[in-house]
Amino acid sequence: MALLPLDAGQIIEKEVLAACRLYKVEQQAARKVFTELWAAFPDLDEALNAGKDPCRLAAYKQFVKKARKQIYYQLRRYKGDSDSFARLCELLRQNAGKSPDSGPVAQIVEQLLAAHVSTAERTPYYKDFYSSLFAAAGPPKSILDIGCGLHPLSYPFFAEQGKELSIYIAVDKDPQVIEVLKVFSGFVRPATLVPVCADLEKDAWEEIMPPGTARLELALALKLVPVLKRQQPQALASLAKAPAEKMLVTASCQSMTKNRQIVRREKKALADFASLACKTPQAPFEIENEFGFFL
Ligand SMILES: C[S@@+](CC[C@H](N)C(=O)[O-])C[C@H]1O[C@@H](n2cnc3c(N)ncnc32)[C@H](O)[C@@H]1O
C-alpha cells in the first residue's frame with residue numbers, strides 16, 4: 001500500500017529539524033521562516049490538495065533552498081534586531097550617573113553583551129578570558145580594540161587588574177556599536193574609553209587615532225582577522241600596522257552559522273596574518289570556544 005504524503009505541518013517540521021541540525025538556529029526561529037515561506041509557494045499546497053507528494057516538485061527544492069538561505073543570513077548578522085539594540089542603548093543613557101555595578105546598569109550591559117553574537121558566545125567564559133589575558137600580557141595601561149564590537153562592555157574596569165588601565169580606544173565601522181560605547185564611556189571613569197567609528201579599509205591610522213595619542217600597549221583584534229580575510233582582505237595590511245606594542249589576535253572555534261568546528265580554517269587565517277605582519281606568534285591564547293596568540 002502506497003504511503004500517504006505528509007501534510008504541510010509535517011513537512012515543515014521535517015525541514016525545521018534538518019535545518020537545526022545544519023545551522024545554529026533555534027527551532028522556533030526556523031519554524032517561522034519555513035511556515036512563512038510555505039505560503040509563497042502555492043504549488044506545494046496544490047499538490048497536497050491533488051493527493052500528490054509536494055516534496056517531489058522542483059518548487060519544493062526552491063522552497064527549502066530559500067528558507068535555508070534566509071536562516072543563514074539571519075545568523076550572519078552580528079546584532080539582533082536593531083530596534084531592541086537601540087532601546088537598550090537608550091536605557092543605558094537614561095541610567096547615566098548611576099554606578100556601573102548598580103542593578104539596572106549591570107543588567108542592561110549584560111543584555112547588550114548578549115545582543116551581539118561575538119560577545120554572546122564569549123559570555124560564559126569571560127572569567128577565563130581575562131585571567132588568560134592578564135596572565136599572558138599583564139594588566140595593560142592602554143588598549144586599542146580593533147573591530148571591537150561590544151567587547152569593551154565586558155572589560156573589568158573596576159577589578160584589581162582592570163584598574164591599571166587609563167585609556168581604551170575602541171574602533172569599529174558599525175555606528176550603532178559606537179553609539180552604545182559612547183554612552184557607556186560615561187560609566188568607566190576614571191578610565192577613558194574613546195569609541196571611534198572607522199573602517200580599517202578606508203581610514204588611515206593617523207585619522208583613526210585621537211590626535212596626540214602615543215603608541216598603545218596592547219591591541220586587541222578579537223575574531224576580526226577571519227572576518228577581514230573573507231570580506232575585506234585589503235584591510236589586513238592596515239590591521240598589521242596598528243599602532244600598538246603587542247597584539248592579541250583570536251578566532252572562533254565554531255562557525256557563526258553552522259554546527260561545525262572551523263579551527264583548522266581559522267588557524268590558517270591567523271597564521272597567514274602573522275606572516276603578513278612579519279611577526280612570529282608568541283604566547284598562545286585559549287578559552288573554551290576561542291583561540292589565538294599574541295604577536
Ligand atoms: C566578529 S565581530 C568581533 C567583535 C569583537 N572584536 C568581539 O570579539 O567581541 C567583528 C567586528 O569587526 C567589525 N569590523 C569588521 N570589519 C571592519 C573594518 N573594516 N573596520 C572596522 N571594524 C570592522 C564589525 O563591525 C564587528 O563588530
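The values are calculated or read from the model by the stated rules, or taken from the named source; none is laboratory data. These numbers were taken from a predicted model, which means no experiment stands behind them. Positions of Cβ are backbone-derived with ideal geometry, glycine not excepted, and every protein chain shown enters the neighbour counts.
Laid out as a table, the results:
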{"item": "Checklist (1) touching an Asp or Glu at 6+ places or on another chain (Cβ under 8 Å); (2) modelled with pLDDT of 95 or more applied to Pro233, failing item", "result": "(1)"}
{"item": "Filter result for the condition that a residue is over 30 Å from Gly149 (Cα atoms), within 29 Å of the chain's Cα centre (by Cα), of a type outside the set (Asp, Glu) and exposed (fewer than 13 other Cβ atoms within 10 Å of the Cβ), over Lys69, Lys65, Lys61", "result": "Lys65"}
{"item": "Residue within segment 158-168 that is touching a helix residue (DSSP H, G or I) at 6+ places or on another chain (Cβ under 8 Å) and surrounded by 24 or more Cβ atoms within 10 Å (Cβ to Cβ) present", "result": "yes"}
{"item": "Residue selected from segment 254-295 under the condition surrounded by fewer than 16 Cβ atoms within 10 Å (Cβ to Cβ) and touching a residue at least 60 places away in the same chain (Cβ under 8 Å), by the criterion nearest to the chain's Cα centre (by Cα)", "result": "Ser255"}
{"item": "Filter result for Val249 (within 11 Å of the ligand (Cβ to nearest atom), of a type in the set (Val, Ile, Thr) and under 18 Å from the mean Cα position of the chain (by Cα))", "result": "yes"}
{"item": "Residue check, Lys98 within 16 Å of the ligand (Cβ to nearest atom), modelled with pLDDT under 95 and over 28 Å from Glu217 (Cα atoms)", "result": "no"}
{"item": "Check on Asn259, within 13 Å of the ligand (Cβ to nearest atom), in contact with a strand residue (DSSP E or B) (Cβ under 9 Å, 6 or more places away or on another chain) and modelled with pLDDT under 95", "result": "no"}
{"item": "Top-ranked residue in segment 206-253 [being surrounded by fewer than 20 Cβ atoms within 10 Å (Cβ to Cβ) and among the β-branched types (Val, Ile, Thr); ranked as farthest from Val196 (Cα to Cα)]", "result": "Val227"}
{"item": "Residue check for Tyr130: in the same structural domain as Ala251 (by TED's automatic domain parsing), within 27 Å of Tyr72 (Cα to Cα) and assigned to a helix (DSSP H, G or I)", "result": "no"}
{"item": "In segment 263-278, the residues that are within 18 Å of Gly147 (Cβ to Cβ) and either outside any helix (DSSP H, G or I) or within 16 Å of the ligand (Cβ to nearest atom) (or both)", "result": "Glu266, Ala269, Leu270, Phe273, Leu276, Ala277"}
{"item": "Residue among Leu236, Leu222, Leu218 that is in contact with a Leu (Cβ under 6 Å, 6 or more places away or on another chain), at negative phi and not charged (D, E, K, R)", "result": "Leu236"}
{"item": "Identity of the residue in segment 166-184, touching a Phe, Trp or Tyr at 6+ places or on another chain (Cβ under 9 Å) and more than 10 Å from the ligand (Cβ to nearest atom), that ends up farthest from Phe134 (Cα to Cα)", "result": "Val180"}
{"item": "Single residue of segment 33-54 satisfying the filter (in a helix (DSSP H, G or I) and within 36 Å of the chain's Cα centre (by Cα)) that is surrounded by the most Cβ atoms within 10 Å (Cβ to Cβ)", "result": "Phe34"}
{"item": "Residues satisfying the stated conditions in segment 205-236, i.e. within 12 Å of the ligand (Cβ to nearest atom), farther than 30 Å from Phe134 by Cβ and not polar (S, T, N, Q)", "result": "Arg230, Pro233"}
{"item": "Number of the exception - His116 against (1) touching a residue at least 24 places away in the same chain (Cβ under 8 Å); (2) touching a helix residue (DSSP H, G or I) at 6+ places or on another chain (Cβ under 9 Å); (3) within 24 Å of Gln161 (Cα to Cα)", "result": "(3)"}
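Per-residue answers, yes or no, for (1) more than 26 Å from Tyr73 (Cβ to Cβ); (2) near the ligand (Cβ under 9 Å from one of its atoms):
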{"residue": "Arg122", "(1), (2)": "no, yes"}
{"residue": "Phe134", "(1), (2)": "yes, no"}
{"residue": "Asp145", "(1), (2)": "yes, yes"}
{"residue": "Tyr155", "(1), (2)": "yes, no"}
{"residue": "Glu164", "(1), (2)": "yes, no"}
